[in-house]
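A short reminder: the numbers here are calculations on the coordinates, not readings from a lab. Quick caveat: nothing in here was measured; it's all calculated off a predicted structure. Using ideal geometry, Cβ is built from the backbone for each residue, glycine included, and neighbour counts are taken over all protein chains shown.
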Amino acid sequence: MTRNPLRFPSAIIEYGIAVTVVIGVALLCYPISSTVGYRSVSLILLLVTALLALKLSRGPVLAASIVAALAWNYLFIPPLFTFTMGHLDDAVMFAAFILVAAVTGNLTARIRERELLVIEREKRTAALFALTKDLSSARSQDDVVHAAINHVGSVFGADVCVLVGEPDGDMKAPPRVTGSWEPQDHELEAAAWSYWNERSSGRNCADFPDILATFNPISGPRYPLGVIGIRPRADAVLAVEQRSLMDNFIAQIASAIEREMLNELTKRASVLAETERLYNTVLNSISHELRTPIAAILGAAENLDAVHEDGKSPPTKMLTEEIHTAAQRLNRVISNLLDMSRLESGTIRLRTDWCDVRDLVQASVRASSQELHGHPLSIDCREDIPLIRGAFGLLEQAVANLLVNAAVHTPPHTPIAVVVHAGADNVTISVIDEGPGIAANALNHIFEKFYRVAGTPSGGTGLGLPIARGFIEAHHGTVTASNRDSGGTEMTIVLPVREKASA
Amino acid sequence: MNTGPIILIIDDEAPIRRLLEMTLEPPGYRVRSAVNGREGVSMSGTERPELIILDLGLPDMDGLEVLREIRKQSKTPVIILSVRNAEADIVDCLNEGADDYLVKPFRTKELLARIQTALRHKRPDQTTKVFTSGDLSVDLAGRVVRKNGTVVKLTATEYSLLALFVHNPGRVLTHRHILETIWGPTFVEETQYTRVYIGQLRKKIEDDPTNPKWIVTASGVGYRFQME
């Protein structure tokens, strides 16, 4: 399938050129033959033959030599315009001329052919190199197929399609195909045959020789990976050198596809492993959070019933308080899990209404009163805080979670403050504690699910802050944490105010 | 043998029924139980309870439906039992005629208080002329409000608001109800009015407006006038 820009059979044209040029030059020399002598003309004609050999194939060059010799004889050797030669040395020259012309022509033609071969080989190497470069920078199976289509298309003038098998070695019917052409049913039959028998099929092959395309199997280490189909655009036969280049191409493409398939499998396996790990961590954490208060309840309940050896009745008040506390803790854990679930599933639908921020803060304080117990609480909320639009319950929960977080992570009896400010187009609610602060590199991570700052006591679901952030973000607000210069942590909620209530 | 008012419990969960019975019998109430909505509706007619406790999570009927059926027959006070984050359902029920609500898990003290409030409200005591609680006193006839003996100046709207609360001590009032009563039916969506006026009222009568003890917010539902 070498490219041939000429439309007519090139042989005829070449012969035509050979004869025309030779005769033309001979005629041109005719006027000067009397000045330079007819023997010099022979050298000119010899030169012309050699030059023709640079461009034409051997046959025409040989023809040129003979025509040149005859022309020289006819036009220049006396007697003129006859093919007879008067002198012996002219006859010897004539014979020598033919020989030299033929030999020179032949040699030059050979040099040219060699040169063409080298160029051809270089082109093939360059093509293979370009393909390999593209294949090695491919980042996915699609990239590989793209590269294959580009290169096979431009080098061989053919359409490519790649049929990929399943990871377990099976090929679906119909199989997954990507490429620049869609194989028809009879072509798919040949493709499937190639896949299962791991042999080429199609044109120029023993099997399915009557279809236009050729299918070559892509073989993996253990089982076939797929099939490459090549269908030439013009009706041309693949030259022998091209055939081996094609095989090289297919080998490179096959190995690239195999590489990408393995990459894909590895990626999937590692994601699976990571998911499993996270899942187990979460399950363990939740299990612990649920079982601990249940254990406390069961234990206290058992004790309520017990009769001590010395006949004393159990301290019922203390035990019932334990049951109470544990049950509330259980309630909070379950609420957190449900809230997180709602956030994850995206089913939060805000039923917004006007909210009084002071009211909100008060409700949050009441909701977290058990955890806040023992911490002196101050609320700083100026009177001109505008009403904001939001879902009261969600906002209350968010603020309550920040309060609980502050209470749980600071030493008992340390003060906690809530400060509310109105900005130009927002309202900020800050929860400030005087605890140990949070490590700088953890400040953003604390809003991630189940994140635990290293070294802090475990307890709590690790969901309070993510839930707060989720609820606030549902209101298009933000929650951030920062360490105060004077020690302690400040968590700030910023809620946008888009409309003002008119009342 | 108990002789107190009959209370009908409509709840499909046996543990909740047991808990309610344990809570209501000692103070002297007579408890009847229905395990689903249909039974509840029919028993509300046959047992003639003075109060109904209705759980919204019934298997056979929507709680709102049960409430509507009950309301077709009587004006018996109904207290709704619901779960967290169901404010919308609670508000719908209150607007349909329920008197109050409790969120599970609830404190038994609160339950008893709400029951008392609901029963009291059923027998309106229109004879009260002066309401006093703690350092707040409201002279309903003379429309004078005193805190710690000092007269508090309220606008007409603020007074109407306070009077509404005083006439409904302990009972939850939804925004809609407040707006409808004070401002009229066309204002039922203007919740900013309630927020703003409640805020102003609190400033005038509460010791600490950020920690109100009289007018308490029922999250996402409305307000409650809490008495000492």
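Kindly express, to the nearest 10 degrees and within the range 0 to 90, the angle between helix A:58-76's C-alpha long axis and the longest C-alpha principal axis of chain A. Helix A:58-76 and the main axis of chain A meet at about 30 degrees. Taking the average, over residues, of other Cβ atoms within 10 Å as the packing measure, peptides A:19-26, A:36-43 rank A:19-26, A:36-43 from highest down.
Taking amide H as placed 1.01 Å from N in the peptide plane, residue A:208 has its amide H under 5 Å from the amide H of A:202, each at least 5 places away in sequence or on another chain.
In the neighborhood of residue B:69, defined by Cβ-to-Cβ distances under 13 Å, what is the net charge if each Lys or Arg adds +1 and each Asp or Glu adds -1?
It works out to a net charge of -1.
Counting only DSSP beta bridges whose two residues both lie in the protein assembly as shown, roughly 70 percent are antiparallel. Within straight-line reach of residue B:147, meaning a Cα separation under 19 Å, sit the following aspartates and glutamates at least 8 residues removed in sequence or on another chain: B:135, B:139, B:158, B:206, B:207, B:208, B:228. For chain B, the longest principal axis of the alpha carbon atoms and the long axis of helix B:14-24 meet at an angle near 50°.
Going from the fewest other Cβ atoms within 10 Å to the most, the residues B:8, A:350 appear in the order A:350, B:8. Distant-in-sequence amide contacts of residue B:33, defined by a placed amide H-H separation under 5 Å and a gap of 5 or more residues or a different chain, comprise B:9. Across the stretch A:482-490, coupling constants 3J(HN,Hα) worked out from phi with the 6.51/-1.76/1.60 Karplus curve, θ = phi - 60°, read 8, 8, 7, 4, 7, x, x, 10, 10 Hz, and Gly and Pro carry x.
Reported to the nearest whole Å, the Cα centre-to-centre distance from the stretch A:223-297 to the stretch A:191-217 is 27.
Mean separation of Cα pairs under 8 Å and 6 or more residues apart, divided by the residue count, gives chain B a relative contact order of 13 percent. Cα centroid separation, the stretch A:363-406 to the stretch A:471-493: 13 Å.
Return A:161, B:93, A:381, A:205 ranked ascending by Cβ neighbour count within 10 Å, so the fewest neighbours appear first.
Least crowded to most crowded, the residues run A:205, A:381, A:161, B:93.
Using θ = phi - 60° in the Karplus curve 6.51 cos²θ - 1.76 cosθ + 1.60, the 3J(HN,Hα) couplings for the stretch A:144-156 round to 4, 5, 4, 4, 4, 4, 4, 6, 4, x, 7, 7, 9 Hz; x is entered for Gly and Pro. On the principal axes of its alpha carbon atoms, chain A extends 153, 57, 43 Å, with the longest extent given first.
A simple spin-label model places the labels of residue A:115 and residue A:85 3.1 nm from each other, with each point 7 Å out along Cα-to-Cβ. Distances between placed amide hydrogens fall under 5 Å for residue B:213 paired with B:207, B:208, all partners being 5 or more residues away or on another chain. Taking the C-alpha atoms only, the angle from helix A:10-29 to the longest principal axis of chain A is near 50 degrees. Within straight-line reach of residue A:267, meaning a Cα separation under 15 Å, sit the following aspartates and glutamates at least 8 residues removed in sequence or on another chain: A:258, A:276.
Within the set of other residues whose C-beta is less than 11 Å from the C-beta of residue A:144, count the net charge using Lys and Arg as +1 and Asp and Glu as -1.
-3
How about the stretch B:125-228: which trypsin sites (Lys or Arg not before Pro) there lie in a loop by DSSP and see at most 10 other Cβ atoms within 10 Å? Of the trypsin sites (Lys or Arg not before Pro), the ones in loops of the stretch B:125-228 whose Cβ has at most 10 other Cβ atoms within 10 Å are B:129, B:153.
Classify the stretch B:1-43 as rounded, prolate or oblate from the Cα gyration tensor: take a ≥ b ≥ c as the square roots of its eigenvalues, call it rounded if a/c is under 1.5, otherwise prolate when a/b beats b/c and oblate if not. Judged from the Cα gyration tensor, the stretch B:1-43 comes out oblate (a/c at least 1.5, b/c at or above a/b). Based on the alpha-carbon gyration tensor of the stretch B:92-207 and its eigenvalue square roots a ≥ b ≥ c, which shape applies: rounded if a/c is under 1.5, prolate if not and a/b is larger than b/c, or oblate? Taking the square roots of the gyration eigenvalues as a ≥ b ≥ c, the stretch B:92-207 is oblate. At an R0 of 25 angstrom, the distance between the Cβ atoms of residue A:268 and residue A:445 translates into a FRET efficiency of 0.40.
With a ≥ b ≥ c taken as the square roots of the eigenvalues of the C-alpha gyration tensor of the stretch A:259-406, please select rounded if a/c is under 1.5 and otherwise prolate if a/b is larger than b/c or oblate if it is not? Judged from the Cα gyration tensor, the stretch A:259-406 comes out oblate (a/c at least 1.5, b/c at or above a/b). Here the sum of -39500 (n - 2.57) over DSSP H runs of 4 or more residues, divided by the residues of the protein assembly as shown, equals -17000 deg cm²/dmol at 222 nm, to the nearest 500. Karplus-derived 3J(HN,Hα) values for the stretch B:84-95, using 6.51 cos²θ - 1.76 cosθ + 1.60 with θ = phi - 60°, are 4, 6, 10, 4, 4, 4, 4, 4, 4, 5, 4, 5 Hz; glycine and proline are entered as x.
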